[in-house]
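A quick write-up on the structure given underneath.
The values are calculated or read from the model by the stated rules, or taken from the named source; none is laboratory data. Remember, predicted model here, so these are calculated numbers, not experimental data. Cβ sites come from the backbone with ideal geometry, for glycine too, and all protein chains shown count toward neighbours.
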């Protein structure tokens, strides 16, 4: 559990850490350590609303926050600014084993 914020128009179309352009209307998020491509359920503790997002960027830059949501995801949660949330990791990308030379 921790604080979530969101980012929007200023970052629209800029490259994310995953290499894809940021789309403020998609359900994506920035997290410091979860593998890119992870799927996370974010629940707003004030409203009990939830949204599922894909981690495609690194952040947040504010040290007291655990996740930065896209504008679209924050809107689904009815966030106006910073809210307390719970994160539930639903899926992380599979990492291919390095089998070495065959």
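Out of the residues in the stretch 21-48 that are within 9 Å of the chain's Cα centre (by Cα) and assigned to a strand (DSSP E or B), state the one that is nearest to residue 78 (Cα to Cα).
That would be 42.
So is residue 61 within 18 Å of residue 17 (Cα to Cα) and touching a helix residue (DSSP H, G or I) at 6+ places or on another chain (Cβ under 8 Å) or not?
no
Those residues that are under 17 Å from residue 3 (Cβ atoms) and at pLDDT 95 or above, I need them from the stretch 80-102; list them, please. Steps first, please.
Taking the stretch 80-102 first, the residues under 17 Å from residue 3 (Cβ atoms) are 80-88.
Correct list: 82, 83, 84, 85, 86, 87, 88.
Scanning the stretch 4-49 for residues that are in contact (Cβ under 8 Å) with a residue 60 or more places away in the chain and buried (at least 18 other Cβ atoms within 10 Å of the Cβ), which turns out nearest to residue 84 (Cα to Cα)?
Among those residues, the one meeting the criterion is 4.
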